[in-house]
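I have placed the structure first, in the form of structure tokens, so that the comments after it can refer back to it.
Read-outs throughout are calculated quantities, based only on the coordinates presented, and are distinct from any laboratory measurement. Treat the numbers as computed from the prediction; the structure is a model and nothing was measured. Every residue, glycine as well, gets a Cβ built from its backbone with ideal geometry; the counts of neighbours run over all protein chains shown.
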Amino acid sequence: MTEASTEQDVVDILTTDHHEVLDLIQQIKRSSVAADRRDMADTVITELVRHSVAEEMYVYPAMRKHLQNGDEAVQHDVQEHKEIERTLKELEGVDGDSAQFDGLIAQLESILQDHISDEENEQFPELRASIPRAELVEMADKVNTAKKVAPTRPHPAAPNNQVFHKLVGPGVGLVDRLRDALSKRST
Ligand SMILES: [Fe+2]
Ligand SMILES: [Fe+2]
């Protein structure tokens, strides 16, 4: 038995993101200050776009490869990401004290609860069961880097890998180079 590692794996990172966003949504629902609600909604938009793009770039391909019915699960999840992004797009610029804002927050919460529950209860445990821990830790590193450079505005009509490559340029090994640059590691 090896020593228990304190390093976070990719599932830890993604699960923390989920709970931070759900917490923010609860704070939005509790707040009655329009400007605060608007600010928190902007944070939700940015964080969810980064998270979805990083998942699609580095986690969903692994799900496709390792999960039973991985292709179907990923197809379903990507469709839900687009549904989430459509909602986020509508939420952009809506006044924090309008009825439309409340409706969109409720809609977002409902889609997210379903999506997050599938990921955390079914897909992530399967990933952990089928991928060696060292690889899951490496994926955490890639996801963290991708989140730093990912788009922050929803693009509901375009595939997220295209959006990502358009923004940061194409190429295998790109994220490794970015990660080195971001951590100022010497090569
Ligand atoms: Fe997720
Ligand atoms: Fe997701």
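With θ taken as phi - 60° and the Karplus curve 6.51 cos²θ - 1.76 cosθ + 1.60 applied, the whole-hertz 3J(HN,Hα) list for region 121-136 is 8, 10, 6, 5, x, 5, 4, 5, 6, 10, 10, x, 4, 4, 6, 5 Hz, x standing for glycine and proline.
Using a cutoff of 8 angstrom between alpha carbon atoms and counting only pairs six or more residues apart, the relative contact order for region 1-155 works out to 43 percent.
More than 18 Å apart: what percent of Cα pairs in region 22-86 qualify?
Details: 1010 of 2080 pairs.
Everything past 18 Å amounts to 49 percent.
Axis angle, to the nearest 10 degrees, between helix 10-30 and the longest C-alpha principal axis of the chain: 10 degrees. Helical runs (DSSP H, four residues minimum) scored at -39500 (n - 2.57) apiece and divided by the length of the chain put the mean residue ellipticity at 222 nm at -23000 deg cm²/dmol. Across the alpha-carbon atoms of the chain, the computed radius of gyration and Dmax are 17.2, 56 angstrom. Using equal-weight Cα scatterers in the Debye expression, the normalised intensity of region 1-51 in log10 at q = 0.18 Å⁻¹ is -0.63. Each of K89 and V168 was given a label point 7 Å from its Cα along the Cα-to-Cβ line. The distance between the two points is 2.3 nm.
A simple spin-label model places pseudo-atoms 7 Å from Cα toward Cβ; at S32 and T152 they are separated by 3.1 nm.
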